[in-house]
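The values are calculated or read from the model by the stated rules, or taken from the named source; none is laboratory data. Because the structure is predicted, anything quoted here is derived from the model rather than measured. Cβ sites come from the backbone with ideal geometry, for glycine too, and all protein chains shown count toward neighbours.
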Amino acid sequence: MSLTYIKARITNPANPRKSADLEFLVDSGAEYSVVPTGVLKRLGIKPRTKRTFILADGSTVERKMGHALFRLNGNEGASPLILGQKDDSTLLGVVSLEALGLILDPLKRELRSLPMVLGASPRPDVQHAKNQNVFVPNTVDDDVLTHRKAPQAMAEVVAATTEC
């Protein structure tokens, strides 16, 4: 298996003139991005909270967390991040990827646009309005909301959202 590295810019949301370009290991198994504390200090990004994380070996560590703007290939998104310590890798995690509207293709190991579904609902009382980016409710009887019809209804919603 190969590793995927990208270059992205992080910016202090409170002071957009302060930014840094970093090389990140894209880690689809990591929830949050990890950025060295020294870089974040230079940008004026301060820790806001602490969280406990479980490592692969089952041990736990506590890390400080903050927020930054991420920029990559014309995409921008705000995301929480972990203030990395001395031996932590600089990682781009799933939350930041989603904020950027991106996803890691697990087979090709490259970033792709994340399909952005707005207001998709597994409820069968919702119908997609063709050629518009809105969903409109239908009238529906109570029986349609039972579990036995839910898989069929979900398939119909998915089919309707792909027709646009």
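Side notes on the structure shown:
- Reported count of residues in the range 30-51, each being without any contact (Cβ under 8 Å) to a residue 40 or more places away in the chain and of a type outside the set (K, R), is 7.
- Test: residue in the range 55-70 that is farther than 28 Å from M116 by Cβ, crowded, with 18+ Cβ neighbours inside 10 Å and touching a Lys or Arg at 6+ places or on another chain (Cβ under 7 Å): yes
- Candidates are the residues of the range 12-35 that are over 20 Å from the mean Cα position of the chain (by Cα) and of a type outside the set (D, E, K, R); the one that is surrounded by the most Cβ atoms within 10 Å (Cβ to Cβ) is A20.
- Residues being surrounded by 14 or more Cβ atoms within 10 Å (Cβ to Cβ) and under 21 Å from the mean Cα position of the chain (by Cα) - total across the range 36-52: 4
- For I10, the test of being in the same structural domain as D87 (by TED's automatic domain parsing), among the hydrophobic types (A, V, I, L, M, F, W, C) and in contact with a helix residue (DSSP H, G or I) (Cβ under 9 Å, 6 or more places away or on another chain) is passed.
- Residue match in the range 50-59 (condition: within 18 Å of N12 (Cα to Cα) and modelled with pLDDT of 95 or more): no
- Filter pass, S96 being in the same structural domain as P47 (by TED's automatic domain parsing) and at pLDDT 95 or above: yes
- Residue in the range 18-28 that is without any contact (Cβ under 8 Å) to a residue 12 or more places away in the chain and either in a loop (DSSP other than H, G, I, E, B) or among the charged types (D, E, K, R) (or both) present: no
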